[in-house]
Every structure is written in C-alpha cells, then in structure tokens.
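First comes the structure, then the notes that go with it.
The values are calculated or read from the model by the stated rules, or taken from the named source; none is laboratory data. Nothing here was measured: the structure is a model prediction, and the numbers come from that model. All Cβ positions, even for glycine, are placed from backbone atoms using ideal geometry, and neighbour counts span all protein chains on display. Only protein heavy atoms, including side chains, enter the accessible area calculation; ligands, DNA and RNA are left aside. Shrake-Rupley method; radii C 1.70, N 1.55, O 1.52, S 1.80 Å.
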Amino acid sequence: MVVILFRSRLTPEAGADYKSLDAELSEMVKSQDGFVDVKSFTAADGERLTVVWWRDQESLAKWKALPRHAEAQRAGRQKWYEYYKMDVAEIVRTSNFERTK
C-alpha cells in the first residue's frame, strides 16, 4: 500500500473556483481503481493535511496522469496554494485494534 501525505496552505485567491474543482476531484478519486481512502485535516494555524491511501504505485501513477488532475495541479501552483509539501511512502506494516461491543 502507498500513502500520500499532502500538506498545504491556501492563498486568499482559493475561493469558489478552488472549492468547486476540489469537490469534483474528491468524487473522481473515489472511483479510481486502486484508491483506498482519503482523510483531510486542518491545523489550528491553517495548514491542511490530506492523507490518501492507494493500493500500489501503479494505481497512484494512473491518478497522477489524469488530465483533470494535472489541470488542478497547474491551477494550484498558479493561484490556490501558498505552498504544498508532499510525501509518498510505502506502508511496511499495519496494526489494527477495534473494540468489540
């Protein structure tokens, strides 16, 4: 499994056009073969963290190559992100606990 850690801060220009494309891509990614899950968080200082899990590198590469995703990346660099930092990691071990009732 592969996990993406995407840290970012938005510019004041990230308005309705950003929210619209973000919502579109959020739905699009869920239908991609190999997509596992996504969670997003915002820290008290405004920095955002999005964590995305993929089955493997190949499914992530297909997502990255989609034209609509590439279009969003360009717009993000041009006007929506003050900065972003992305880490891509392979999961080497998973441990789970779930309380039973």
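Here are some notes:
- Working value for region 44-101: equivalent-ellipsoid semi-axes of 28, 19, 10 Å, each the square root of 5 times a Cα gyration tensor eigenvalue, largest first.
- Amide H contacts under 5 Å for residue 81, placed H, 5+ residues apart: 11
- Value of [θ]222 nm, deg cm²/dmol, for the chain, DSSP H segments ≥ 4, -39500 (n - 2.57) each, nearest 500: -10000 deg cm²/dmol
- The count of lysine pairs in the chain that are at least 8 places apart or cross chains, and whose C-alpha atoms lie under 27 Å apart, stands at 20.
- Just the protein heavy atoms count here, and of the accessible area of the chain at 1.4 Å, carbon and sulfur take up 52 percent.
- GluC sites (Glu not before Pro) restricted to the chain and DSSP loop, no more than 11 other C-beta within 10 Å: 98
- Förster-model FRET efficiency, 35 Å R0, residue 21 and residue 91, C-beta, rounded to 0.05: 0.75
- Mean Cα-pair separation over length for the chain, i.e. relative contact order, pairs under 8 Å, 6 or more apart, %: 47
- In the context of the full set of protein chains, residues of the chain present 73 Å² of accessible surface per residue (probe radius 1.4 Å, heavy atoms only).
- Vicinal HN-Hα couplings computed from phi for region 21-29 (Karplus, 6.51 cos²θ - 1.76 cosθ + 1.60; Hz; Gly/Pro x): 5, 4, 5, 4, 5, 4, 6, 4, 5
- For the chain, diffusion coefficient by Stokes-Einstein and Kirkwood Rh (Cα), 25 °C, 0.890 mPa s, µm²/s: 165
- In the chain, the chymotrypsin sites (Phe, Trp or Tyr not before Pro) that fall in loop regions by DSSP, at most 12 other Cβ within 10 Å: 97
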